[in-house]
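*Asks:* Okay, here's the structure, questions in a sec.
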Amino acid sequence: MMEKVDAIIIGAGVVGLAIAAKLSHKLKNVLVIDKNTSFGEETSSRNSEVIHAGIYYPQHSLKAKLCVQGKEKLYQYCKDRNIPHQRLGKLLVAHGEAEEQCLAKTIKQAALNHVNDLTWLTESDLKKSNPELHATAALLSPSTGIIDAHSYMQALLAEIEYNKGQFVGKTTFVKANKDNCGFVVTLNSQDEIMQVHCDHLINAGGLHSTNIAENINDLAKSHIPTLYYCRGHYFSYQGKSPFTQLIYPVPEAHGLGIHASLDIGGQLKFGPDTQYINDIDYEVSDALKAKFVTAIQRYYPSLDTERLQPAYSGIRPKLEGPKDGFKDFVIQNEKVHGLKGLVNLFGIDSPGLTSSLAIAEYVSEQLSI
């Protein structure tokens, strides 16, 4: 007899775990698989761990909607479960009139996204509050914060397991075939091939989402977008941080610029930059340091370059190529591809962590669960 479960979620990153946790309240048997040994070993553990406010994204986009909804859900989830987090706030800094005009536009964009808590700070305001910071003006976003992403994922997994769901690592998705009442899913678990039947199949594979989709039989190839790997590097800064808030430059193409962020332990780090690559590779080259120094010194001129060290990198699963404009999250259900019970998630880059609980609710609605 083939084993049967209600739902299989492919990918145990923060989004896959959030979806599984949501579904586990309504379905008896939820299975989360990941090709890695543990959960969250890729994009979910290689980011800034920032809870974003939702101020930049185009009005009515999924990124805007789910970020703003997800932010408040995430703060409440952390509070309810004692997950380490801090609502530190962030400063979006400008240098000169052209960038100050960008700040003014950002206030308007944020308001369209129902984020109405931004405060304009003058150069004199900044000199009083942040003497090490160089900028002619800034926006304070008080609802931006930080989170211990690993503790958050542990809490999601605990919720899944409490509801009788399970996570299985070292298990690779091979293929799925549609039948009359769901999917026959072929898995490779530590070199053992097995088949499991599920009513609902959720592709939350992140960097591997398009490869997974290619192996879902009956899914038209026209529904599978091109995915780009965009690597971002981080440098850590030894010693006491000169900042108590996150510091962001005016956003640039394909990213939010090399910003200063703090982790829960108070460690200051800078990044990420953006570098499109062809293969998954987490190298951080020492040669990048000069570029980081130049970017950081714009807002932190007294940077001690000796204290700046290569730390880690992450790779964003982007739908926009190097020359493309904004691309939204893509979350496909039966209405798009015609396969009942299947949801594909593509291009879940930033603000995926912030949006994760809202994405989970959205997927549940797409499946009418």
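Derivation of every value follows stated rules applied to the coordinates shown; laboratory data play no part. Being a predicted model, the structure only gives us computed values, none of them experimental. With ideal geometry, Cβ positions are generated from the backbone for all residues, glycine too; neighbour counts draw on all protein chains shown.
*Asks:* Check each of the chymotrypsin sites (Phe, Trp or Tyr not before Pro) in the stretch 253-344 and keep only those in coil by DSSP with at most 14 other C-beta atoms within 10 angstrom; list them in order.
*Replies:* Passing sites in the stretch 253-344 are Y282, F326.
*Asks:* Here's something else I'd like to know. Can you give me the C-alpha center-to-center distance between the stretch 57-122 and the stretch 204-259, rounded to a whole angstrom?
*Replies:* 18 Å
*Asks:* Further question on the same structure: When the helix-only estimate is applied to the chain (DSSP H runs of n ≥ 4, each -39,500 (n - 2.57), divided by the residue count), what is the mean residue ellipticity at 222 nm, nearest 500 deg cm²/dmol?
*Replies:* Only helices count here, giving -8500 deg cm²/dmol.
*Asks:* Based on alpha-carbon positions alone, could you give the equivalent ellipsoid semi-axes of the stretch 82-133 from the gyration tensor, as √(5λ), descending, whole Å?
*Replies:* So the three semi-axes of the stretch 82-133 are 22, 19, 8 Å.
*Asks:* I would also like to ask the following. Please compute the volume of the convex hull spanned by the alpha-carbon atoms of the stretch 243-291 and report it per residue in Å³.
*Replies:* 115 Å³
*Asks:* Nearest 0.05, what FRET efficiency do Q309 and E214 give at R0 = 35 Å with Cβ-Cβ as r?
*Replies:* 0.35
*Asks:* Now a separate question. May I ask you to give the average projected area over all directions of the convex hull of the Cα atoms of the chain, in nm² rounded to one decimal?
*Replies:* Result: a mean projected hull area of 18.3 nm².
*Asks:* Then there is this: Using DSSP H assignments, which helices in the chain have an axial alpha-carbon span of 18 Å or above and a mean Kyte-Doolittle hydropathy of -0.5 or higher?
*Replies:* TM-like helix candidates: 97-112, 149-162, 352-366.
*Asks:* Oh, and also: Can you list the aspartates and glutamates whose alpha carbon sits under 13 Å from that of K79, skipping same-chain ones fewer than 8 residues off?
*Replies:* Qualifying aspartates and glutamates at Cα under 13 Å: D148.
*Asks:* Here's another thing I want to ask about it. For a bin width of 5 Å, list the pair-distance distribution of the stretch 175-313 built from all Cα-Cα distances, rounded to whole %.
*Replies:* Each 5 Å bin holds this share of Cα pairs: 2, 8, 15, 15, 12, 9, 8, 9, 9, 7, 4, 2, 0, 0.
*Asks:* Taking a cut-off of 28 Å between Cα atoms, list the lysines near K127, but don't count ones fewer than 8 places away on the same chain.
*Replies:* K90, K105, K108, K240, K269, K289, K291
*Asks:* Trypsin sites (Lys or Arg not before Pro) within the stretch 276-346: which are DSSP loop residues with at most 12 other Cβ atoms inside 10 Å?
*Replies:* Here the sparse-neighbourhood loop sites are K323.
*Asks:* Residue farthest toward the positive end of the dipole of the stretch 135-248, with Cβ of Lys/Arg at +1 and Asp/Glu at -1: which of L246, Y162, V184?
*Replies:* The listed residue farthest towards the positive side: L246.
*Asks:* Trypsin sites (Lys or Arg not before Pro), restricted to the stretch 16-111: which are DSSP loop and have at most 14 other Cβ atoms within 10 Å?
*Replies:* Hits after loop and neighbour filter: K26, K28, R87.
*Asks:* Rule-of-thumb check for the stretch 7-152: C-alpha Rg over 2.2 N^0.38 Å?
*Replies:* 1.26
*Asks:* Within straight cross-link reach of K318, meaning Cα distance under 22 Å, which lysines are found once same-chain residues fewer than 8 apart are removed?
*Replies:* Of all the lysines, those that pass the test against K318 - Cα under 22 Å, at least 8 places apart if same chain - are K35, K63, K65, K71, K221, K327.
*Asks:* Something else about it: Stick to the Cα atoms of the stretch 17-86, pair each with every other, and give me the Kirkwood hydrodynamic radius in Å at one decimal.
*Replies:* Evaluated over the stretch 17-86, this radius sits at 14.4 Å.
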